[in-house]
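Below is one structure, written out as structure tokens, with a few remarks after it.
The values are calculated or read from the model by the stated rules, or taken from the named source; none is laboratory data. Remember, predicted model here, so these are calculated numbers, not experimental data. A quick note on method: Cβ atoms are made from the backbone with ideal geometry, for glycine too, and the neighbour counts reach across all protein chains shown.
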Amino acid sequence: MSTDLGMGEALENPFAELDGSTRHSGPLALVIFGASGDLTARKLLPALAHLAARRALDPAVNIVGVARTEMGDEDFRKLARDCVPSPSPAWETICARGRYIQGDYGHPDTFSKLKDVLAQLETEQTGSGNRLYYLATIPEMFPVVAEALGEHGLASEEHGFARLVIEKPFGRDLQSAEQLDASVHKYFSESQVYRIDHYMGKETVQNVLALRFANAIFEPIWNRRYVDHVQVTVAESLGVEHRGGFYETAGALRDIVQNHVMQVLTLTLMEPPGGDAESIRDEKMKVLRSMEIPTPAQVATSVVRAQYDRGWVGGKEVPGYREEEGVSPQSKTETFFAMKLLVDNWRWSGVPLYVRTGKRLPRRFTEVAMQFQRVPHLPFVGSNASQLGANALVLRIQPDEGITLRFGAKVPGQEFRLRTVSMDFSYGGAFLEETPDAYERLLLDAMVGDPTLFIRSDEVRHAWQVVDPVLESYADPAFPLARYVAGTWGPPEAEALLRSEGRIWGIL
Ligand code: BG6
């Protein structure tokens, strides 16, 4: 039996099928570990239901849920069917064959049962030995499940592919990330591993590639000769919701910057890739390798961490972080993080990259903003031209997806007065199709064997290398933890970080 669906091969060129509409999963068994959890109910099952509705899932896809929660096959089938308001007939058919295995991940019986169920489904129903294992458990279970699969012969590709999809976080520092990799690589080769960062599945994040490499006008100015600095903002208005316990062990740097922000930055800064899928990951990797690893002295001056206090967001009073459920009243976990990074390479040497992320900010938005240098000379005597803002190109990743170019224009009238104006592209206005959820894109990619948008082991390692010195500085009790009122744009220290270099946050 083939170890490939045959369809992955058609995806050699990563730009060839970015809408995914002609792709098809082929027959396979999808095993979800953590099947009774939040991620499965909120993201995975709805994404699968949508894929089924648009006929991207083969009718011979079998879904097997594994978790510790007491539940039977019928309960799991109902959970899957009810995850969307109106299930399509294709999804109903797949759900009707769903199987559920209740068991402890640390107990061999769970995996013996899984092996039997898979063998039964594959002989009686699909005739295919292709398997996709999805780790949607708590992170502590990732190595346990990966090793148990291997020990039970379930990582073998003798009768079809065996791929392992891993959710973030990939470790909590460099050392634990390497340990996780060692467990995973005991039985799975790197080509079998698909590490998900859902930001890579967002249409607008992929559009960074389209903007840069499908157009001739941006690339010539995309470098240190024209760009003054780059800002990446991931702002959230939500707090930690019901995830206080988890968030206490993470914080904004681990939760957002090490992964989502780094990924968006690599796509923004990388060199043009070659034509095959792996070359995108190679180019991203080169950016990470060129990122300056901060010294303790640099961490002290280029990092701001902060925590929110009680305040008002969207007209509602919200508790401070230390008052949230599952959070210690003395917690030092940061809910806001800002940092200046540098990439030491030919294209970006000396261009500061300012990144910031926070919970309980006034509104939710993610964007990458490139601010360009000012013109060398303004030939407008007696005008207000010197007060004009610099040119900027802002890639709006969410929620108001699009691109804005900011430039100066003459105000109509006798005087020569200038004002900053914007040219806007809006995704919603230009395309009528509904944007698929990031998980739809990534699940189908893993099924067809396209690794382009997944995170390679070396990328994870290098991202931790940049972040680790900051985490080490946190260990010093004197390392400052600033405070901000929920519903504001973070602490004054974050403003000061840019002001000291003559810049401000939020170019537009
Ligand atoms: C997750 C983080 O990875 O990303 C969450 O764990 C965060 O804390 C979420 O809220 C943000 O994702 P999105 O797609 O809403 O920007």
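Condition (residue is in the same structural domain as Q298 (by TED's automatic domain parsing) and over 22 Å from the mean Cα position of the chain (by Cα)) applied to region 457-467: is it met by at least one residue?
So far as region 457-467 goes, no, none of its residues is in the same structural domain as Q298 (by TED's automatic domain parsing) and over 22 Å from the mean Cα position of the chain (by Cα).
Of the numbered conditions (1) of a type outside the set (F, W, Y); (2) within 30 Å of L132 (Cα to Cα); (3) touching a Leu at 6+ places or on another chain (Cβ under 7 Å), V460 satisfies every one except a single condition; which is it?
(3)
Taking region 289-302 as the region of interest, how many residues are over 22 Å from the mean Cα position of the chain (by Cα), outside any helix (DSSP H, G or I) and buried (at least 18 other Cβ atoms within 10 Å of the Cβ)?
Looking only at that region, the number is 1.
Any idea which of L18, L5 is surrounded by fewer than 19 Cβ atoms within 10 Å (Cβ to Cβ) and at pLDDT below 95?
After applying the criteria, what remains is L18.
For P352, are the conditions met, namely being of a type outside the set (V, I, T), farther than 30 Å from F246 by Cβ and at pLDDT 95 or above?
yes
In region 299-315, is there at least one residue being free of Cβ contacts under 8 Å to residues at least 12 places away in the same chain and either at positive phi or out of contact with any helix residue (DSSP H, G or I) (no Cβ under 9 Å at 6 or more places or on another chain) (or both)?
Yes, region 299-315 contains a residue that is free of Cβ contacts under 8 Å to residues at least 12 places away in the same chain and either at positive phi or out of contact with any helix residue (DSSP H, G or I) (no Cβ under 9 Å at 6 or more places or on another chain) (or both).
Restricting to region 233-249, what's the tally of residues that are near the ligand (Cβ under 8 Å from one of its atoms), at pLDDT 95 or above and in a loop (DSSP other than H, G, I, E, B)?
2
Just to be sure, is P480 in a loop (DSSP other than H, G, I, E, B) and touching a Phe, Trp or Tyr at 6+ places or on another chain (Cβ under 9 Å)?
It is false that P480 is in a loop (DSSP other than H, G, I, E, B) and touching a Phe, Trp or Tyr at 6+ places or on another chain (Cβ under 9 Å).
How many of the residues making up region 21-38 are modelled with pLDDT under 95 and of a type in the set (A, V, I, L, M)?
0
Identify, from the list A56, A49, A35, the residue that is touching a Gly at 6+ places or on another chain (Cβ under 8 Å) and more than 23 Å from A148 (Cβ to Cβ).
Criteria check complete, one pass: A56.
How many residues are polar (S, T, N, Q) and within 8 Å of the ligand (Cβ to nearest atom) if we restrict to region 250-263?
1
Looking only at residues that are not in a helix (DSSP H, G or I) and not polar (S, T, N, Q) in region 440-470, which one is nearest to the ligand (Cβ to nearest atom)?
Restricting to residues being not in a helix (DSSP H, G or I) and not polar (S, T, N, Q), the top hit is I455.
Of the residues V184, V208, which single one is part of a helix (DSSP H, G or I), assigned by TED's automatic domain parsing to the domain that holds S279 and of a type in the set (A, V, I, L, M)?
V208
Only one of these conditions is not met by A277: (1) modelled with pLDDT of 95 or more; (2) under 16 Å from R195 (Cα atoms). Which number is it?
(1)
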